[in-house]
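S.K.: Quick one: structure below, then a few questions.
The values are calculated or read from the model by the stated rules, or taken from the named source; none is laboratory data. These numbers were taken from a predicted model, which means no experiment stands behind them. As a convention, Cβ positions derive from the backbone with ideal geometry for all residues, glycine included, and neighbour counts pool all protein chains shown.
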Amino acid sequence: MQTSPSRLFRRLATVGLLCAALLPAALRAADTPPLKLVFDGVLSEHKLALKELAADLPSDWTGYTHLVFEMRTSTPQRFGLWAYTADGPRRIEIQPLGQNVWLRASIPLQYFIGMDKSGTDLASSINRRTTSFWMSVWGPFGNLKSVEALGFAMQYPLHQPVIELRAVHLAKQDEGSDFLEGKPVLDEFGQWAHVDYPRKIHSREQLNQELADEAKTFGSGADFGYGTYGGYTSTQAKATGFFRVEQIDNVWWFVDPEGHQFLSTSSNGIGAPGGGRGNRGGGAPGQVAAPAATPAAAPATDGATVMTAAERQIRRLNSWGLNTGGTGRPNIQMLRWPQTPATTFLGVPDVYADNYAAGIDQAADTQCTSRKGDPMLIGYFIGNEPPWGDRETEVVDLILAGPDTATKAKLKATLAQGDTPARRKEFVVAAFQHYLDVVCAAVRKYDPNHLIIGIRFGGKVADEVLRMARVFDVCSINVYEYEPTKQIERAYRLSGRPILVGEFHIGVPENGLGSGLVQAKDQAERGVAYRYYIEQALSLPYALGAHWFTWRDEPVLGRGDGENYNIGFVDVTDRPYPELVDAAKETHKRLLQVHSGKILPFSRKPLASDSGSPSSPWDN
């Protein structure tokens, strides 16, 4: 899902780091110039001794709860905050909300030490928000008994970004994170108020005019060779009245209800307000509540015609060649299962409880029975990004510390044979296999007509877990990289099932928004990145499609867990990014031939910044 933290650690440990010679400071007076850190190159870090940050910062942080400083950034680009100790480095990823204003960041030291044991998917187990910034808790982790320096590091910094720091100190309680000036920081359209840019909306009239002008350009699915159900009308296989998968001449395809070969292109979050994460999860208990959703754009007028936002969305999907998702179109449903916080640990529920199968059966009946005759339904996702991979020992500790359950009893019996890391992992993996068996049996009981498109696996998925995907009709993986081919090949080799990429994106840090998990240097390169990713993926004979995440830019002040990424097909005012749209249309017109092996896929790699491309050093 995300760029590997171990890869970042290895590179920072071996690449020459940029160090700033800065004046030492304690809690600086208001008239003392702030520390100014400038970032440039492919990999850039300022590694500062504690005395350079504040004269009285102690090296033993164990008696404190928060690292506090005031910060102003010229960019919304994320940075790694490294605590270098005598026992090794610790890290938190920091994403400021917005840019060009002073804010206070009160950073919980616990996230240098270890992760929370909460969350039911990767995002909710890793992301933590505050009012003025949010964090990704990746590690490496460890104690803070002998801190020697702090590092501020950026990957592919754009336009020589600057971070200014002042009032750096430790605290024994949360002093609160907030913007210190410029409130309100959003304008009436949900845009960041403290930066101007060419496409910024300044009036309702301007917005309506731009949406009306866009409406004049709409085409249809016929421009891509699509039929009623989004399949290619120039192809014909057996028609069954429902979607299915078939290997034809050694190439895997979806086959639509009319028997036309089909490749799934889509964007997650279609219809979600404010660029919400849609099916991908949300915040974890104890996080700060999300701000109000971005105001929706008003209907655009074109003469006497009024087009609602929903109508405009469907016209866009048809015009851009996105054939999956939206009202009255082929779609995939995310199924939800009963979860009790007291007996669900990092996504692993009490699967051996006497009533567990009955609860799954009832949920499958409720969600699937009414749709079993729907020809527009492609199939079901049954879950998203289980977060317990490589954390099996933590899951076991949580179960043992939790209430008495059937799963806890079975676990104790297992560990009575010897409590080892291997046995702990075997128990969690076996519990997950049981979960899959129960869920898939229930879905097929109430809807034998539609496909099970798997769990959208994220992160580095263990071999044994991917082998479990043989129980699905399609194996789905979320791949946040510039090129997904290695991950798709591995998933197919281990699962034996055709592969759908459930999530990917590329963003740009600008306009108060972060870049997302994969960065392009500008909007034009974001279009290049889309073409390269999709065509490389679909050139593989066992790939069935890829879904962009997400439809609308995330809110500038963050969704529930803080994420505020520039990753939409449309921005917070509901206007499309033309560079991305044009690239998508061009690629979608080529996919039938690319997947059939008749033409080569688009081959130019995107640029991540002016000084580097994805080929160096991060993809090595």
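S.K.: Specify the residue that is surrounded by the most Cβ atoms within 10 Å (Cβ to Cβ); the eligible residues are those in the stretch 530-545 that are aliphatic (A, V, I, L, M) and in contact with a Leu (Cβ under 9 Å, 6 or more places away or on another chain).
M.R.: Restricting to residues being aliphatic (A, V, I, L, M) and in contact with a Leu (Cβ under 9 Å, 6 or more places away or on another chain), the top hit is ILE534.
S.K.: Here is a follow-up. Among GLU525, GLU554, which is surrounded by fewer than 24 Cβ atoms within 10 Å (Cβ to Cβ) and farther than 17 Å from PRO198 by Cα?
M.R.: GLU525
S.K.: So, of the residues in the stretch 106-136 that are of a type in the set (Gly, Ala, Ser) and surrounded by fewer than 22 Cβ atoms within 10 Å (Cβ to Cβ), which turns out to be nearest to the chain's Cα centre (by Cα)?
M.R.: Per the stated criteria, the residue is SER118.
S.K.: Could you tell me whether any residue of the stretch 294-313 is of a type in the set (Gly, Ala, Ser) and at pLDDT 85 or above?
M.R.: So far as the stretch 294-313 goes, yes, one or more of its residues are of a type in the set (Gly, Ala, Ser) and at pLDDT 85 or above.
S.K.: Right, another one. Hand me the list of helices (runs of 4 or more DSSP H) wholly inside the stretch 409-516 holding 1 or more residues that are closer than 30 Å to GLN99 by Cα and within 24 Å of the chain's Cα centre (by Cα).
M.R.: none
S.K.: Turning to a different aspect of this structure: When the residues of the stretch 376-412 are narrowed to those that are over 23 Å from ASN331 (Cβ atoms) and of a type in the set (Gly, Ala, Ser), which ends up surrounded by the most Cβ atoms within 10 Å (Cβ to Cβ)?
M.R.: The extreme case among them is GLY389.
Results for (1) in contact (Cβ under 8 Å) with a residue 24 or more places away in the chain; (2) under 30 Å from MET376 (Cβ atoms); (3) in the same structural domain as LEU335 (by TED's automatic domain parsing), shown as yes or no for each residue.
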site	(1), (2), (3)
ALA406	yes, no, no
LEU411	no, no, no
ASP419	no, no, no
LYS425	yes, no, no
VAL429	yes, no, no
TYR435	yes, yes, no
ILE452	yes, yes, yes
LYS460	yes, no, yes
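S.K.: Shifting gears a bit: In the stretch 198-238, which residue that is surrounded by 15 or more Cβ atoms within 10 Å (Cβ to Cβ) and of a type in the set (Gly, Ala, Ser) is nearest to the chain's Cα centre (by Cα)?
M.R.: Here the answer is GLY230.
S.K.: Further question on the same structure: Hey, any hits in the stretch 24-36 for a residue that's under 32 Å from the mean Cα position of the chain (by Cα) and at pLDDT 95 or above?
M.R.: Within the stretch 24-36, the first condition is being under 32 Å from the mean Cα position of the chain (by Cα), and the residues that meet it are 36.
If we keep only those that are at pLDDT 95 or above as well, we get 36.
Yes, the stretch 24-36 contains a residue that is under 32 Å from the mean Cα position of the chain (by Cα) and at pLDDT 95 or above.
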